[in-house]
Structure formats: C-alpha cells, structure tokens
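Down below is the structure, laid out as structure tokens.
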C-alpha cells in the first residue's frame, strides 16, 4: 500500500515536471531571448542558458533607444482608469443584484453576461464611428471607456459572489438605525469584500493593460501608443534588435504575472461563481 | 422615519414595496453597457443592412439582406465558420483535457508542488502580445526552437506559421498554452470542494480508486466542466488577438475565423456593411451554442433531481 502510494507520488511528480516545463518554457524563452545578443539569435546560436550579465545593458538600450517606457506609462493610465471606472460601477451594481429584488433584474443580469459573448471585432467598427463623432479617437480616455465595457461585467461577477457571501444581518440592523444604503455599502460591505475587490482590480487592470484590438484601431499617434500596440509594432520589423524587443515583452509581462499569482484564488472563485449563477 | 422602520421591514418581508434604490445602484452600469455595448451592437446591426465603406462611412445605402445573401451564398463565409468551429473544438478539448490533468496532478502533495503550481498558472497572466511574440520566435522557420527540436528528433523542419497544413495546429497550440491555466484553476477549485468525508465513506465501503473517481469526484466535477466548456467555447468564438497577430488569418486563410474575417473585411477591404453582417452571423452562432448549453444544463439538473 505504502509502496503504491510512493509510486503514485513519483508518477505525479514526473507528470508535474513535464507540465511545468510545457507551461514554463515560452516564459523562459522570453527571458532567454532577451538575454542573447541579436547577432547570435539570427545565426541560430541561441544558448539554453540566459546570459544574466546582459540584463542591465539590455534594459538601458530599451529605455534609451525605444519609447517603450512611455508606451507602458500610457498603458498604466488606461489600465488605472479602466480599473477605477469598472470598480465603482461594478460594486454598486453587484450590491443591487445581490441584495435587492426588483423588476428587470433578470434582463439586467443577462445584459452583463451577454457582453461576454460580444466579439470585440464586431463592435470595433460602430465604436470607431461613435468615437470619431465624440472626438475620442487618439485619446487614452477613449480606450478607458471601451475597455470598461468589457472589464466591468467581469468585476461585477466577482463582487456579486463576494457580497452574496456576506451575512445580511449586520446591514439589517444598520438599516434599522437609519443608515442610507450607499453608506452601508461603503462602510460595511466594501471592507468585508476587500480581498475580492483587490482581485477584481487586478483583473480589470490587466484587461486594460493587455488590450490590443481597440488600442491599435483607435490610437494612431505613435506617442499615444500603449504597451500592447508598441510591442506589436515590433513584430515583423527589423530596426529594433530582437533582444531589445524581448526585453520589452519581459518588462510588459512581469507586473501581470506578479499580480495574478497574488490574486489567483480570489479571481477564480469569483469568475466561476459568477458564471454559474449568471 | 425611524419609528416606522421596524413596521416597514416587517411588512417588507411579506410584500416588497417598490423602491428606486436598486435602480440607482445598478443604473449607472446598465446605462454604461447600453451606451458602449448595446448601442454599438444595434449600430452594427444597422450597418449590416447597408453597403457602407470605411473610406466614406456616411455614404452607405440600405441594401436589405444583400450582405446576408452574399455571405450565405459564398464558400468563403462557410469556410470561416468551419475554421471557427475547428479552432474552437481543438482549443476547448485541448485546454479542458490538459487543464483537468494539471488540476489532478496539482491537487495532491508531491515535492515541489507549490513551485509547479505557480509556473503552471503563469501563462494565464502573460499579455497576449507577448505570447504572440515568443511563439512567433519559437515557430520561426530558420531560427526557431520548434524546428531545432523536430530536426534534432529526426522529424525534419516544418513551416509552423507558413505551411497551410500546420497553421491551425500552431495557433491552437499557442492558444491552449495561454488558456489552460484558467481551466486548471477552476477544476482545482472544484476538486478541493469535494467533501473529505465523502472520500472516507467510499473508502470504508471498499471502493477502489476508479469507482471513487466515478462515484464521488466526477459528479462534483461535471457541472464545473460544463461551465468551463461553455466559457471556453464563447471565448474561442470571439478570440481575435492571438490569431490575428500570429498569422493574420493565414497561411492561405487556414486560420481565418469569423472574427478575423470581420476585421479584414472592415479594415483591409473597407467593406463595413459586409463586415457587420459577418459579425452578426458569428454572434448568432455564439447565441445558438449558449442556448444549447442551457438546454443541456437543464436536462442534467432534471436528471439529478430524479436521482436524488
């Protein structure tokens, strides 16, 4: 029996090693490519061990020779705006869906779910003409507005399932004491669902951070590009050295990895609960 | 105000009074989605009945169902539907299989589990543009590591992104790599919600590990797997960036899914009307799949009800 268990642990570890290598290899390859001189890369001389000593050189080239840091700053603005706008609306809407029964609740809930189905590629054309009319093309604020439409429902699912799990009794007594619903939400509910707020913040932030389709269609000025469009502009062009391109990819990726690893449990429980209950 | 509150709450439990409060809370979000999702959708629907061109967007004329007639009569549209279904099927099956296996592996202790779990989650967080960049480099014809590996194994070299027979495979592999962690985490959460005493009970009853799996784990897992399959399907239907940036729909259109078709018609051929009609038919496909899912789900629930 013990021998069998040991065997299965061994098989498990081996399988895990294989899966870890599969998952980790492309990430490792980003690092490795960033740390290999471009001349070696194009002679098929990429070694399997990254040359860490090149780190500082590579990143100083990235900061001096490309506008990538500026593009990342634009991404940060878009992502931060998306997060703020999404969380304010999603928190209030989640509270309504969780605590009240009202006429039209079903259709409104469906509206939030249905946005998961809308292809961005379909909406990009009408949104383009809408934004052209509103003077929002070439504006980072335009990206904030459109990203929020796709990110906010996801935040709403996470927050609704979190609020569902907060006992109602506390609020009941506060309400009897004459607190307004908005202050109950602010003072009592939001602190209790803070971890889920953080998870929702991470997911909406990186929705804005990663988004490419709207950014590439709406933003034409090179100086207003965001990280994703800037990075994509390196694809198929040869004037930027490949190791610099991959160092840009690395810098663009690291914040996302850190925050997702910190928040993964909360994000997953929120997403699944939200989609199961609608 | 406070005097009447307790009486009011007592009555409220019996019959709820109309109140503006929930509408004030949810109103902003609903209006927002109406403006930035529903209005564009309706505008898209409107466009799909016109011959609007990108270069002169105000000069479009209504042409009735011509765009739809054209699409439904064209082989290219059906090819993009088939391509979408193939891409979706392989991505969903691949990520569900790999994600479920990963979850089972991670669910029990082994040395190095925490590190393995962290690495296995990471692809989920990598921005799509970075994913594309590294996969294009891996798939590169002359200097890519994929060809170095197949050559070393004596399998020769492939045009991963240039040979029409491999384009779909390459795109699916990159997508599966990116989305599998989500499946893994969701399945893992479901596995960990299986009550421990259920395991104990079946063990006492002398069940072997296969029947434990069949009787205890699978019933817990199936609803989760169905939801994940639905989400993965819907997301695959609308997935744009990874395909567009990897292949642009090529080589020779083998990865031109419906959304790629929409974007190319709009921004390469500047046919906004036709693009909108294509997108509408794609959306219809998503709606059908979702409807089928909910029918299946209800049947499954009914069956469970009978069994219990």
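The values are calculated or read from the model by the stated rules, or taken from the named source; none is laboratory data. The structure displayed is predicted, hence computed values, not measured ones. Counting neighbours? That spans all protein chains shown, and the Cβs are built from the backbone with ideal geometry, glycine included.
Any idea which of (1) surrounded by 18 or more Cβ atoms within 10 Å (Cβ to Cβ); (2) under 27 Å from residue B:257 (Cα atoms); (3) touching a helix residue (DSSP H, G or I) at 6+ places or on another chain (Cβ under 7 Å) is the one residue A:114 doesn't satisfy?
Of (1) surrounded by 18 or more Cβ atoms within 10 Å (Cβ to Cβ); (2) under 27 Å from residue B:257 (Cα atoms); (3) touching a helix residue (DSSP H, G or I) at 6+ places or on another chain (Cβ under 7 Å), only one is false for residue A:114: (3).
When you scan the stretch A:114-149, how many residues do you find that are closer than 21 Å to residue A:94 by Cβ, within 16 Å of the chain's Cα centre (by Cα) and within 8 Å of another protein chain (Cβ to nearest Cβ)?
4
Being surrounded by fewer than 20 Cβ atoms within 10 Å (Cβ to Cβ) and either closer than 30 Å to residue B:183 by Cβ or away from chain B (no Cβ under 11 Å) (or both) narrows it down to one residue among A:166, A:226, A:268; which is it?
Of the residues listed, the single one that is surrounded by fewer than 20 Cβ atoms within 10 Å (Cβ to Cβ) and either closer than 30 Å to residue B:183 by Cβ or away from chain B (no Cβ under 11 Å) (or both) is A:166.
Could you check the stretch A:206-217 and list, in sequence order, the residues that are more than 9 Å from chain B (Cβ to nearest Cβ) and crowded, with 23+ Cβ neighbours inside 10 Å?
A:208, A:214, A:215
Report, by residue number, each residue of the stretch A:179-220 that is assigned to a loop (DSSP other than H, G, I, E, B) and touching a residue at least 60 places away in the same chain (Cβ under 8 Å).
Hits for the stretch A:179-220 are A:211, A:219, A:220.
Of the conditions (1) free of Cβ contacts under 8 Å to residues at least 24 places away in the same chain; (2) surrounded by 12 or more Cβ atoms within 10 Å (Cβ to Cβ); (3) farther than 17 Å from residue A:124 by Cβ, residue B:51 fails just one. Which one is it?
Residue B:51 satisfies every listed condition except (1).
Can you name the condition, by its number, that residue A:219 falls short on among (1) closer than 22 Å to residue B:240 by Cα; (2) under 16 Å from the mean Cα position of the chain (by Cα); (3) at pLDDT 90 or above?
Checking residue A:219 against (1) closer than 22 Å to residue B:240 by Cα; (2) under 16 Å from the mean Cα position of the chain (by Cα); (3) at pLDDT 90 or above, the one that fails is (2).
Of all the helices (runs of 4 or more DSSP H) wholly in the stretch B:160-227, which have at least 1 residues that are closer than 30 Å to residue B:243 by Cα?
Working: elements: B:164-192, B:196-204, B:209-212.
Answer list for the stretch B:160-227: B:164-192.
Could you tell me how many of the residues in the stretch B:237-246 are assigned to a loop (DSSP other than H, G, I, E, B) and either surrounded by fewer than 24 Cβ atoms within 10 Å (Cβ to Cβ) or in contact with a strand residue (DSSP E or B) (Cβ under 9 Å, 6 or more places away or on another chain) (or both)?
Qualifying residue count, the stretch B:237-246: 1.
So, residue B:121, is that one without any contact (Cβ under 8 Å) to a residue 60 or more places away in the chain, under 25 Å from residue A:29 (Cα atoms), under 18 Å from the mean Cα position of the chain (by Cα) and within 11 Å of another protein chain (Cβ to nearest Cβ) or not?
Against the criterion (without any contact (Cβ under 8 Å) to a residue 60 or more places away in the chain, under 25 Å from residue A:29 (Cα atoms), under 18 Å from the mean Cα position of the chain (by Cα) and within 11 Å of another protein chain (Cβ to nearest Cβ)), residue B:121 does not qualify.
Evaluate the stretch A:98-109: report whether one residue or more is modelled with pLDDT of 95 or more, facing chain B (nearest Cβ under 10 Å), out of contact with any strand residue (DSSP E or B) (no Cβ under 6 Å at 6 or more places or on another chain) and within 17 Å of residue B:36 (Cα to Cα).
Applying the first criterion (modelled with pLDDT of 95 or more) to the stretch A:98-109 yields none.
No, the conditions are met nowhere in the stretch A:98-109.
When you go through (1) without any contact (Cβ under 8 Å) to a residue 24 or more places away in the chain; (2) under 29 Å from residue B:165 (Cα atoms); (3) more than 10 Å from every other protein chain (Cβ to nearest Cβ); (4) surrounded by fewer than 21 Cβ atoms within 10 Å (Cβ to Cβ) one by one for residue B:249, which number turns out not to apply?
Result: residue B:249 fails condition (4) only.
Which number in (1) over 22 Å from residue B:235 (Cβ atoms); (2) in a loop (DSSP other than H, G, I, E, B) marks the one condition that residue B:299 misses?
The failed condition is (2).
Here is a check on your reading of the model: is residue B:133 touching a residue at least 12 places away in the same chain (Cβ under 8 Å) and under 26 Å from the mean Cα position of the chain (by Cα)?
Against the criterion (touching a residue at least 12 places away in the same chain (Cβ under 8 Å) and under 26 Å from the mean Cα position of the chain (by Cα)), residue B:133 does not qualify.
Can you say whether residue B:188 is closer than 30 Å to residue B:236 by Cα and either more than 12 Å from chain A (Cβ to nearest Cβ) or at pLDDT 90 or above (or both), as far as the supplied structure shows? Break it down into steps so the answer makes sense when it comes.
Details: closer than 30 Å to residue B:236 by Cα: yes; either more than 12 Å from chain A (Cβ to nearest Cβ) or at pLDDT 90 or above (or both): no.
Here the answer is no, as residue B:188 does not meet what is asked.
Going by the conditions given, is residue B:218 touching a residue at least 24 places away in the same chain (Cβ under 8 Å) and within 24 Å of the chain's Cα centre (by Cα)?
No.
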